[in-house]
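Undergrad: The structure that follows is given in the form of structure tokens.
Derivation of every value follows stated rules applied to the coordinates shown; laboratory data play no part. Predicted model only: the values in this text are computed from it and were never measured. Here Cβ is always computed from backbone atoms with ideal geometry, including for glycine, and neighbour counts include all displayed protein chains.
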Amino acid sequence: MPLATELHCGFAALIGRPNVGKSTLLNALVGAKLSIVTPRPQTTRHRILGLAQLPDAQIAFLDTPGLHRQANRALNKVMNRTAAAALSEADLVVLVVEALRWMHDDALALQRIERAGRPAIAVVNKVDRVRPRERLLPYLAELAARHPFLALVPVSALKAQGVADLLRTIASHLPKSPPLFDRDTLTDRSLTFRIAETVREKLTLEVNQELPYGIAVQVERLEELEGRLVVDAVIWVEREGQKPIVIGAGGERLKRVGSAARRALNAQLERRLHLNLWVKVRENWADNARALKDLGLES
């Protein structure tokens, strides 16, 4: 079905500190699992585009890594640059904050928005945790005093509360233009990217406390055989001693990760998938510019 001749169209960048729920919010806004979600801060490493297709609007959301001050490693610096670059693409910035909390990195995100000179909406996430709800009112007043936001919208991304109102609010502040994307477009990310990210999500959930950040996933082979997708993927770690942590006793952890990723991908893609995983070492890849480029983390 073709889109209308003119819609409220534009790019809306989701900006905020780590772990405020930007990726969960993106998934709720577009109605599909595009960004992986774990309890660990800085799970998102890439700029991820997701399309919300409405009857009178087309919103291109940009999920970004959390902006943070402690950026000592090359990977962290790349993540900060990725988030900052999304501001230059945006028609509208959506600052995502956590209800009743304001931290140094929230202030950093707001400073970046002010420096970019982009119009902004503030989204107060995780309001389902606020009891009684009246406790939110002073926080909203303080937030409104920090910046001339176009609107303040309370939501719970996890429970999809307030998401419809947020979509309408964002759309109302976008310019009218011909559609930017086809009606069937959901994201600009490839199938191999989505597979690699799903594996990384399941692995991060498994090794959350044991292996902080030094893992990356790269799809080396994607082939259709006998009605199913066959995928070979490599899990990269930074040191030889990290391999047994990922593999687990008798290979059991790696098997669990592979099974969880395969089930998730079967559901997401609605097709059968066979997944082969290997663990390899690339010394200190998170501080290696060439490695970051090879892994698609630096252009």
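Undergrad: Treating only the Cβ of Lys, Arg, Asp and Glu as charged (+1, +1, -1, -1), what charge dipole size does region 185-260 show about its Cα centre? Round to the nearest 20 debye. It would help to have the intermediate numbers written out before the result.
TA: Working: 11 positive and 13 negative charges, 37 e Å.
Using only the charged Cβ atoms, the result is roughly 180 debye.
Undergrad: Identify which of Gly258, Gly248, Gly162 has the largest mean-square fluctuation in a Gaussian network model of the chain, with springs joining Cα atoms closer than 10 Å.
TA: Gly248
Undergrad: Size of the dipole of the chain about the Cα centre, Lys and Arg at +1 and Asp and Glu at -1 on the beta carbon, nothing else charged, in debye to 20?
TA: In debye, rounded to 20, the chain gives about 680.
Undergrad: Further question on the same structure: Glu89 versus Gln161, label points 7 Å from Cα toward the beta carbon: distance in nm?
TA: Result: 3.2 nm between the two label points.
Undergrad: In addition: Cα-Cα over 27 Å: which of Lys159/Lys202; Lys33/Lys243; Lys77/Lys280; Lys33/Lys293; Lys126/Lys176; Lys202/Lys243? Numbers along the way, then the final one.
TA: Numbers: Lys159/Lys202 21 Å; Lys33/Lys243 29 Å; Lys77/Lys280 24 Å; Lys33/Lys293 25 Å; Lys126/Lys176 31 Å; Lys202/Lys243 16 Å.
In this structure, Lys33/Lys243; Lys126/Lys176 exceed 27 Å between Cα atoms.
Undergrad: For region 161-167, just list the computed ³J(HN,Hα) in residue order, Karplus coefficients 6.51, -1.76 and 1.60, θ = phi - 60°, integers in Hz, with x standing in for Gly and Pro.
TA: For region 161-167, the Karplus curve yields 8, x, 5, 4, 5, 5, 4 Hz.
Undergrad: Would you mind computing, in nm to one decimal, how far apart the modelled labels at Trp278 and Ala145 are, each placed 7 Å from Cα along Cα→Cβ?
TA: 6.0 nm
Undergrad: Okay, moving on. Using the Cα centre of region 7-177 as origin and beta-carbon charges of +1 (Lys, Arg) and -1 (Asp, Glu), tell me which of Leu110, Ala74, Leu51 is placed farthest towards the positive end of the dipole.
TA: Farthest towards the positive pole: Ala74.
Undergrad: Given the DSSP H assignment, sum -39500 (n - 2.57) over each helix run of at least 4 residues in the chain and divide by its residue total; what's the result at 222 nm in deg cm²/dmol, nearest 500? Kindly include the intermediate steps, with their values, before the conclusion.
TA: Details: 9 runs with 104 residues, N = 299.
My calculation for the chain gives -10500 deg cm²/dmol from helical runs alone.
Undergrad: Further question: Please find the FRET efficiency linking Leu186 to Arg290, where r is the Cβ-Cβ separation and R0 is fixed at 30 Å, and quote it to the nearest 0.05.
TA: Numbers: r = 32 Å, r/R0 = 1.06.
It comes out at approximately 0.40.
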